Amino acid sequence: MSKKVNMNIKVEYLTRVEGHGNIVVNVKDGSLGACRLDIVEAPRFFEGMLRGRSIFEAQHITSRICGICACGHSLSSIQAAEDAIGFKPSQQTIDLRKLLLHYEILDSHILHIYLLVAPDLLGVPSFSPLIKTHNAVVRRALRMKKTCNDVCDILVGRHIHPISSVVGGFTKLPREKDLEAMHKHLTDMRVDMDETVQLASTLKFPEFDRETEYVGLVSDDNEYPLLMGDIGSSDGVRMKKKDYKKITNEFIVPHSSAKHAKLSRESYATGALARLNLNAKKLHPKAKKVADALGFKTKWTNPYLNTAAQLVECVHCIEDSIAIIERYQKKGINHNEEVIVGLNENKQIPVKAGNGVGAVEVPRGILFHNYEVDKDGIIKNANCIIPTNQNVNNIEHDMKKLVPEILDKGQEKVTLALEMLVRAYDPCISCSAHFLDVKFVK
Amino acid sequence: MKREIIRNSEFEVKKGRIVSTRQMTKIEKFFEIALADEEPLGHDPGQFVEVSLFGVGEAPISIASSPTKRGTFDLCVRAVGKFTNALHKLKEGDEVGIRGPFGKGFPVQTLEGNDLLILAGGLGIVPLRSLIDYVRANRRDFGKVTILLGCRTPKDMLFGDEVDEWNKRLDVNFSCTFDKADPEWSGNVGVITSLIPGVNLDPEHTYAVVVGPPIMYKFVIKELLAKMIPDTHIILSLERHMKCGIGKCGHCQIQGIFCCQDGPVFKYSELKNIKGAI
Amino acid sequence: MNKPKVAFFDFACCEGCQLQVANLGEQLLDILGVIDVVEFREVMSEKWNKEYDVAIIEGSITTPHAVDRIKKIRKRSKVLIAYGSCATIGGINGMKNNFELDEIREHVYPDNAKHFPTIPTMAVDQVVKVDYYVNGCPIYPPEFLKVIKAVLKGIPYAVPDKAVCAECKLNENVCMYEKGVICLGPVTKAGCNSWCINNGNICYGCRGVVTNPQEQAQNDIMVKYKISLDLMLNKMNMYNKCREIDKDE
Amino acid sequence: MKYVILKKNKLDEFIVNLSKQKKVMAPVSKGYNNYAFEEVTRGGQIALKYIPTILPPKKYFMPQYETVVEYDTKDGKQNMEAIVEYDEMILFGVHTCDLAGIQSLNVVFSDRPKDLNYIIRKNKIILIGLECNDYCDEHASCKLVNNELPNGGYDLFFTDLGDFFLVHVNTWEGENLISLTKVFEPADDIHMKKREKLRAKKREIFKNEVKINPDQIPDLFDRSHNSKVWYKLGERCLSCGNCTNVCPTCHCFDVEDEINLDLKTGKRIRIWDSCQHESFAKVAGGENFRRKAAGRQRHRYFRKFKYPVDKFSRYFCTGCGRCSRTCMADIRLKETLDDLIKESI
Ligand SMILES: Cc1cc2nc3c(=O)[nH]c(=O)nc-3n(C[C@H](O)[C@H](O)[C@H](O)COP(=O)(O)OP(=O)(O)OC[C@H]3O[C@@H](n4cnc5c(N)ncnc54)[C@H](O)[C@@H]3O)c2cc1C
Ligand code: SF4
Ligand code: SF4
Ligand code: SF4
């Protein structure tokens, strides 16, 4: 490390991430001073606003926390809400929710890989120059994105702020021709997916390693756990969803409107990389093959490889979605399960007082929703812990290790490396600023 | 879904070329238009066309020139919204679409041989110009012609030069009034109704032709009736929202009447019992 | 003709409406063929320092800083589009205005409230002049295309001012009231092709209230279906709370 | 005049056969006693006992979004082609009220100047009627306007007589279908007698629903222009336009230009509009000729019971009851007529 380096990096309004964040790094005489990721998104006070609203509105409102993972928020919110009022969804509902979650992960990962990360790896400032230089890639990306969108449209009305997925089940269930259409979209997508894997294997990810604790859902069955399961970590932690607060250990730091989290060590990571590190055995065989091809052994400790992990998950999601659809094509969907909810004026779904937690693996990691409702199903308290919030602390620790290692490359390179690092986590800053600490008044 | 081309569809437009344009006031612009091969439009004074700009829309616009004018016809358009503003941006040589002419114009055959009292308020001068020009071209077929014109201010006056000419002609009685005076104006000030009592007319043999904004009609008709003009001798032109021009879209309907086909020109006797018409 | 310079800006929002653009798929390339996107923080790093032909604003105005920022953007933009419910009517962020500002701030940031200056949520046109509106949470892509084309063509776009019910009927949905739940379709501006009802849900009013909601008739209906005023207001306040700011003035 | 019969158990075969030739549209159940005309391929999908569908079959005759012109304004030109788009189809199971609705539209659009888009499309649609053996529900007023029995306007007409349909073959197209599908059998006297019995029973069931001699309705309306009834309706009406959307004879439309991204090509479309919307009769100057809901409601009723009677000698209310069924504000056609009658005596 060269000695008298001075560096002042301030990336304001970090681009190609969801929401507003700044990177601040101060190096004086070769030693690292400030090194932070500031979350500067305007707070929107969701958990405050939820008070007094019906539990049946929770998913509609919390879906609006974030446009990119709207289905994820919606699913976690529904899980928490149903837990709170003691409603048990049917197997069909659970399966279709899994399908929706696959779509969500697929959609978000594709957006991230192509629109947000690829420009860095291909050495351009954004997606638009690629239209000229890599037109086929761009078209493929948009086509895949559109497919994700189209299958979501069929299943829940639209991808951004899903319509028919609600507490209790679905207000509209797919018909025969809908299943057919989704099946066709997904099988058609395989070609593009193969080419994406091809492309990815030619990309060079920056080299950097920092082993950390990896947190995600775990389960005892053979399914790659995304919707259901307990909370687990690579350091051997295992806990019920209900105990999520012990795990996230949130603390506020002054520079950020997002809260930081830690578990067994100074920080932990959640997201595609963590999931792969915890559950790779359970991936669909085709996805496992892709992981192998990308050089995955038992664990990846390079955070830049989160993008590669996302790629593996894309393959898994496509294949498992096709499997779910085929199951229901055989068995048929029971349309009598369609629910009519609104504000539950027709009391289709029984309500009682309670406190419920939802924990769902969304694209960026584990997402917790927690509601406390009274006997009429009115929300008394709400809390939500976003994966990005959990990751921010880990990102800062990565940055602290990374900066000294590459300091001699000059400010421009360091800045780019940091931006790429932050982007690799696919942070969703809009989410992070929306829910912060909540004191549950007991 | 199958697709077929229709000949003679009512939605077909003819191409019209803008031969000349002139900004008349801040918000009114004049357009002289020729159809392909200078094909005559074949209209009666008082009829209107649907002017069309693909991508923007259509609007009904009165024909401002007499059928006696050869080769071209005139429009005068006030910029009030989406379509009219877009039209104002056009210049000489540009194309517009034309459907029509539509509706019933002024009953010139009936008017022939009679005295005419023409009352124009504001933009009402536009369709009336087609009648005035027609009358001038066939001056001998008509009796005494009186033109009364009402405008907001002298600046708002349309066809100013032509009006001056009417004024100078010995075979036309002309008066003009402004709602609001301006320092250079030394003539009448007030609404158009104030001019009517001063007109000397032979009610039995006079037809009054009135075009103006909706509120003008009530008051003018009252004055005309007071002058003993029979209600069959009062001719009006109405403005309504119109979409098709062929009496189907329903927008211009006044009770059982479709303004675009049954009008826009009516005798007061036809309208007086129709609530909502005036 | 030079391609117009278009910039996207986000204020307090979920950024979902921007994503709707990405969801257009390959059609997006057609749009990019006729406009020149010069700033779009979410997907590109480039910045632009000259005048914008078109600024597309997403999100509501919720902080003093945002007020300054939107005013600056307005000054630099020939045409300004309010994009999505948050920008056009305040949207979901307006629910904050149901509470005392200090109270909600302290509820959320018990110890750090002072770090988070906040003002009542406002729609963009409650701060600066807006030329075009694309309503909806999220925006309805076909309508967005219509608006973009109107902008490019230089002609106005009028948001439909009739009720969602009109479109709902055209889609032959069974009315939610017949199913025993309340729907805001009768008071909400159409233009979304009754998206939510087509998918079995109710209308939440995300496109804003029609100009003349026929209040007397609405009251009758509330009586008929035994809906309390509180419940109705509560539902209306989900998206349409910011309306009250105009009423006060 | 030719009659044939179709055994009930052959209906499926008939529909399957038909749907191989053309699109077949028929009433299907949407739940909650709501029905809609949708494409079917099997007899089992059809709701044979149904109350009037949410939208009447007019949606096939004048679609909600209909291209009338395709244009190209390259180089500032106004090039265009007037076009019509259509699907050849067979409408199965159309009630007598809806047949009357289609007849009303036929009258309007073939009145000069003719609307070729409508006429061309209409000629591509084959109509198979279905008799109502009983009232649909309390909103129907088909007897008032004599629509409880068929008055023509169909190619085939089905009467459900238990285990078979008696089918009236009315046109050459109908004849054609019969011979193509090969599932019909000749009708004999017994079949005809069964229908006579049904018709006799129907005479008992269907009674004028409103206490007025139908001939006096135009007169009633003449006297009712200033009736308080309109003002009361005006206060209750939401101006949502549902009543006109669902009405089989309402046909007001708007015309709009759709433009492609090249900003040069596009199409001119016509879209359903409603006289109940506040801006319907507004003109550029700001004047609105039907500013109040009361005036708009009056206009709607006059367009059913007065103006078309003067112009075309037929009621433009078919008695289907859709407007009453759909109105959230409970504005009921029969009630409105009753109120007008009460007020005028
Ligand atoms: C018989 C007749 C003759 C006319 N003659 C003239 C004339 O000579 N000169 C002139 O300047 N104006 C005339 N008008 C008025 C002119 O048609 C309207 O000003 C014009 O339609 C406004 O369209 P816009 O798109 O510019 O306005 P906008 O306010 O943007 O209109 C909004 C919508 O309302 C419709 N609309 C508004 N007012 C009318 C209307 N009166 N008729 C039909 N549609 C309307 C438009 O088509 C448009 O779709 C006449 C109207 C009628 C009925
Ligand atoms: S479901 Fe809602 S939008 Fe549809 S008609 Fe009923 S009230 Fe109107
Ligand atoms: S139906 Fe209502 S809530 Fe849904 S998109 Fe339309 S306006 Fe918004
Ligand atoms: S359906 Fe009822 S409320 Fe709606 S416009 Fe018609 S009469 Fe009025």
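The values are calculated or read from the model by the stated rules, or taken from the named source; none is laboratory data. As the structure is a prediction and not an experimental result, all values here were calculated from the model. Virtual Cβ from ideal backbone geometry, glycine too; neighbours counted across all protein chains shown.
Which of the residues belonging to the stretch A:154-189 are part of a helix (DSSP H, G or I) and at the interface with another protein chain (Cβ under 9 Å from one of its Cβ atoms)? Even if it seems obvious, please write down each step before you answer.
Pass one, the stretch A:154-189, residues part of a helix (DSSP H, G or I): A:154-156, A:176-189.
Across the stretch A:154-189, the qualifying residue is only A:Val156.
Restricting attention to the stretch C:133-173, the residues being within 16 Å of ligand 1 (Cβ to nearest atom) and either among the charged types (D, E, K, R) or under 19 Å from C:Thr188 (Cβ atoms) (or both) number 10.
When C:Asn201, C:Asn234 are checked against the criterion of being facing chain A (nearest Cβ under 10 Å), closer than 16 Å to A:Ser54 by Cα and crowded, with 18+ Cβ neighbours inside 10 Å, C:Asn201 stands alone in meeting it.
Tell me, which residue of the stretch D:310-337 that is part of a helix (DSSP H, G or I), within 11 Å of another protein chain (Cβ to nearest Cβ) and surrounded by fewer than 19 Cβ atoms within 10 Å (Cβ to Cβ) is farthest from ligand 3 (Cβ to nearest atom)? Of everything passing the filter in the stretch D:310-337, D:Asp310 is farthest from ligand 3 (Cβ to nearest atom). If you go through the stretch B:67-89 one residue at a time, do you hit one that is basic (Lys, Arg), within 13 Å of another protein chain (Cβ to nearest Cβ) and part of a loop (DSSP other than H, G, I, E, B)? The answer is yes, given that some residue of the stretch B:67-89 is basic (Lys, Arg), within 13 Å of another protein chain (Cβ to nearest Cβ) and part of a loop (DSSP other than H, G, I, E, B).
Across the stretch D:318-332, what is the number of residues that are small (Gly, Ala, Ser) and near ligand 4 (Cβ under 8 Å from one of its atoms)? Don't jump to the end; show me each part of the working.
Residues of the stretch D:318-332 that are small (Gly, Ala, Ser), as a first pass: D:319, D:321, D:324, D:329.
Then keep just the ones that are near ligand 4 (Cβ under 8 Å from one of its atoms); that gives D:329.
Going through the stretch D:318-332 one residue at a time, the tally reaches 1.
Scanning the stretch D:99-114 for residues that are small (Gly, Ala, Ser) and free of Cβ contacts under 8 Å to residues at least 12 places away in the same chain yields a total of 1. Among the residues of the stretch D:289-300, those identified as at the interface with chain B (Cβ under 9 Å from one of its Cβ atoms) and either of a type outside the set (Gly, Ala, Ser) or within 16 Å of ligand 1 (Cβ to nearest atom) (or both) are D:Phe289, D:Arg290, D:His299. Going residue by residue through the stretch C:161-172, is there one that turns out to be more than 10 Å from ligand 2 (Cβ to nearest atom), over 19 Å from D:Ser239 (Cα atoms) and either surrounded by fewer than 23 Cβ atoms within 10 Å (Cβ to Cβ) or not assigned by TED's automatic domain parsing to the domain that holds C:Leu233 (or both)? No, the conditions are met nowhere in the stretch C:161-172.
Considering the stretch D:245-260 alone, what residues qualify as being within 16 Å of ligand 2 (Cβ to nearest atom) and closer than 18 Å to D:Lys334 by Cβ? D:Val246, D:Cys247, listed by residue number.
Please verify whether the stretch D:14-36 includes one or more residues that are in contact (Cβ under 8 Å) with a residue 24 or more places away in the chain, more than 13 Å from chain B (Cβ to nearest Cβ) and aromatic (Phe, Trp, Tyr). Yes, the conditions are met somewhere in the stretch D:14-36.
Assess whether B:Glu50 counts as being charged (D, E, K, R) and either at pLDDT 95 or above or crowded, with 21+ Cβ neighbours inside 10 Å (or both). In short, yes. Specify the residue that is nearest to ligand 2 (Cβ to nearest atom); the eligible residues are those in the stretch B:233-257 that are part of a strand (DSSP E or B) and more than 18 Å from the chain's Cα centre (by Cα). It comes out as B:Gln253. The numbered conditions (1) in contact (Cβ under 8 Å) with a residue 40 or more places away in the chain; (2) within 8 Å of ligand 1 (Cβ to nearest atom); (3) not aromatic (Phe, Trp, Tyr) are all true for B:Val51 except (2).
For the stretch D:209-232, check the following and say yes or no: at least one residue is away from ligand 3 (no atom under 16 Å from the Cβ), away from every other protein chain (no Cβ under 14 Å) and polar (S, T, N, Q). Taking every residue of the stretch D:209-232 in turn, at least one turns out to be away from ligand 3 (no atom under 16 Å from the Cβ), away from every other protein chain (no Cβ under 14 Å) and polar (S, T, N, Q). Filtering the stretch B:247-278 to residues that are out of contact with any strand residue (DSSP E or B) (no Cβ under 8 Å at 6 or more places or on another chain) and small (Gly, Ala, Ser) leaves only B:Gly256. The single condition among (1) more than 16 Å from ligand 1 (Cβ to nearest atom); (2) in contact (Cβ under 8 Å) with a residue 40 or more places away in the chain; (3) within 11 Å of chain B (Cβ to nearest Cβ); (4) out of contact with any Lys or Arg (no Cβ under 8 Å at 6 or more places or on another chain) that D:Arg268 does not meet is (1).
Any residue that is more than 16 Å from the chain's Cα centre (by Cα), closer than 25 Å to D:Lys8 by Cβ and surrounded by fewer than 20 Cβ atoms within 10 Å (Cβ to Cβ) - is there at least one of those in the stretch D:137-144? So far as the stretch D:137-144 goes, yes, one or more of its residues are more than 16 Å from the chain's Cα centre (by Cα), closer than 25 Å to D:Lys8 by Cβ and surrounded by fewer than 20 Cβ atoms within 10 Å (Cβ to Cβ).
Kindly check whether there is at least one residue in the stretch A:374-388 that is among the β-branched types (Val, Ile, Thr) and farther than 30 Å from A:Asn302 by Cα. Give the derivation first.
The first filter runs over the stretch A:374-388 and keeps only residues among the β-branched types (Val, Ile, Thr), leaving A:378-379, A:385-386, A:388.
Keeping just the survivors that are farther than 30 Å from A:Asn302 by Cα gives A:378-379.
Scanning the stretch A:374-388, I find at least one residue that is among the β-branched types (Val, Ile, Thr) and farther than 30 Å from A:Asn302 by Cα, so the answer is yes.
Comparison of D:Glu256, D:Glu235 shows that the only residue that is among the acidic types (Asp, Glu) and either touching a strand residue (DSSP E or B) at 6+ places or on another chain (Cβ under 7 Å) or assigned to a loop (DSSP other than H, G, I, E, B) (or both) is D:Glu256.
Tell me, please, whether a residue that is within 14 Å of chain B (Cβ to nearest Cβ), of a type in the set (S, T, N, Q) and surrounded by fewer than 21 Cβ atoms within 10 Å (Cβ to Cβ) can be found in the stretch D:77-89. Taking every residue of the stretch D:77-89 in turn, at least one turns out to be within 14 Å of chain B (Cβ to nearest Cβ), of a type in the set (S, T, N, Q) and surrounded by fewer than 21 Cβ atoms within 10 Å (Cβ to Cβ). Which one of these does C:Val187 not meet: (1) touching a residue at least 40 places away in the same chain (Cβ under 8 Å); (2) surrounded by fewer than 23 Cβ atoms within 10 Å (Cβ to Cβ); (3) within 10 Å of ligand 2 (Cβ to nearest atom)? Every condition holds for C:Val187 apart from (2). Residues that are at pLDDT 85 or above, more than 17 Å from C:Ser85 (Cα to Cα) and more than 16 Å from ligand 3 (Cβ to nearest atom): does the stretch C:180-196 have at least one? Within the stretch C:180-196, one or more residues are at pLDDT 85 or above, more than 17 Å from C:Ser85 (Cα to Cα) and more than 16 Å from ligand 3 (Cβ to nearest atom).
For the stretch C:164-178, which residues satisfy the criterion of being more than 13 Å from ligand 4 (Cβ to nearest atom), in a helix (DSSP H, G or I) and at pLDDT 90 or above?
The first filter runs over the stretch C:164-178 and keeps only residues more than 13 Å from ligand 4 (Cβ to nearest atom), leaving C:167, C:170-174, C:176, C:178.
Going one step further and asking which of them are in a helix (DSSP H, G or I), we end up with C:167, C:170, C:176, C:178.
Answer for the stretch C:164-178, where residues must be more than 13 Å from ligand 4 (Cβ to nearest atom), in a helix (DSSP H, G or I) and at pLDDT 90 or above: C:Glu167, C:Leu170, C:Met176.
The single condition among (1) touching a residue at least 60 places away in the same chain (Cβ under 8 Å); (2) under 15 Å from the mean Cα position of the chain (by Cα) that A:Asp120 does not satisfy is (2). Candidates are the residues of the stretch A:58-67 that are assigned to a helix (DSSP H, G or I) and crowded, with 24+ Cβ neighbours inside 10 Å; the one that is nearest to the other protein chains (Cβ to nearest Cβ) is A:His60.
Against the definition (touching a Phe, Trp or Tyr at 6+ places or on another chain (Cβ under 9 Å), away from ligand 4 (no atom under 16 Å from the Cβ) and within 9 Å of chain B (Cβ to nearest Cβ)), how does D:Asp254 come out, yes or no? Judged against the criteria, D:Asp254 is a match.
Could you look through the stretch A:312-366, keep only residues that are in a loop (DSSP other than H, G, I, E, B) and under 22 Å from the mean Cα position of the chain (by Cα), and pick out the one that is farthest from C:Cys196 (Cα to Cα)?
Filtering the stretch A:312-366 for residues in a loop (DSSP other than H, G, I, E, B) gives A:332-334, A:338-353, A:363-364.
Checking which are under 22 Å from the mean Cα position of the chain (by Cα) leaves us with A:363-364.
Working: A:Pro363: 25, A:Arg364: 27 Å.
This residue is A:Arg364.
Being more than 8 Å from every other protein chain (Cβ to nearest Cβ) and within 16 Å of ligand 4 (Cβ to nearest atom) is a property that does not hold for C:Asn240.
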